[in-house]
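Read the figures in this text as sums done on the coordinates, not as results from a lab. Values in this document were obtained by computation on a predicted structure and should not be read as measured data. Neighbour counts run over all protein chains shown; Cβ positions are idealised from the backbone, glycine included.
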Amino acid sequence: MPRRDEVDRIVEAWVRERPDLNFEPLQVLSRIGRLSRHLDRARRDAFQSSDLDPWEFDVLSALRRAGTPYQLTPKALLQQTLVSSGTMTNRIDRLAERSLVSRHSDPNDGRGILVTMTERGQERVDSAITMLLRAEAEILKRLPPLDRERLAGLLRKLILDFD
């Protein structure tokens, strides 16, 4: 008999009180929600240990994934982080104040700028991603590799329509 979790107890109570409803969605999505809270905590800890806020990690990781020379236009950063133009300008300003990025003119566009991650920014984002992957591996270690692969595939199917 599989171990029971809090979602099992919640669903069982609802079924008792409202047997006319189908509680199948709670079986899946409540667990995803609860797991999300654990993941948020692991991410907060990973980012804090690297002296980054979550939004700083988002911007720096977009730059890091861009590859050498770790630079993007503000528009490309907007597209990758899904924030407004005003928000991105503010974020770039704050990252520049912390010496995590620098700005310079785009040689291909006289009016444009490029945002480049500094060495300090790279050290912070590399530290954060290392800590994050350790924490996430810890969360997933209870599942064998084949189950993790299957779960990733199922979640991909579920999220494709939202992306």
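List of remarks:
- Fewest-first ranking of Arg103, Arg124, Arg111, Arg64, using other Cβ atoms within 10 Å as the exposure measure: Arg111, Arg103, Arg64, Arg124
- Annotation: the residues Thr118, Thr87, sorted from fewest to most other C-beta atoms within 10 Å of their own C-beta, follow the order Thr87, Thr118.
- Taking amide H positions as modeled 1.01 Å from N, with prolines and chain starts lacking one, the residues under 5 Å from Asp106 and 5 or more places away or on another chain are Gly112, Ile113, Leu114.
- Simple spin-label estimate for Arg111 and Leu160 gives 4.0 nm between the two label positions (7 Å along the Cα-to-Cβ direction from each Cα).
- Shown here are the Rg and Dmax of the Cα trace of the chain, at 20.7, 68 Å.
- Likely footprinting exposure, Leu77, Leu146, fewest C-beta neighbours within 10 Å first: Leu146, Leu77
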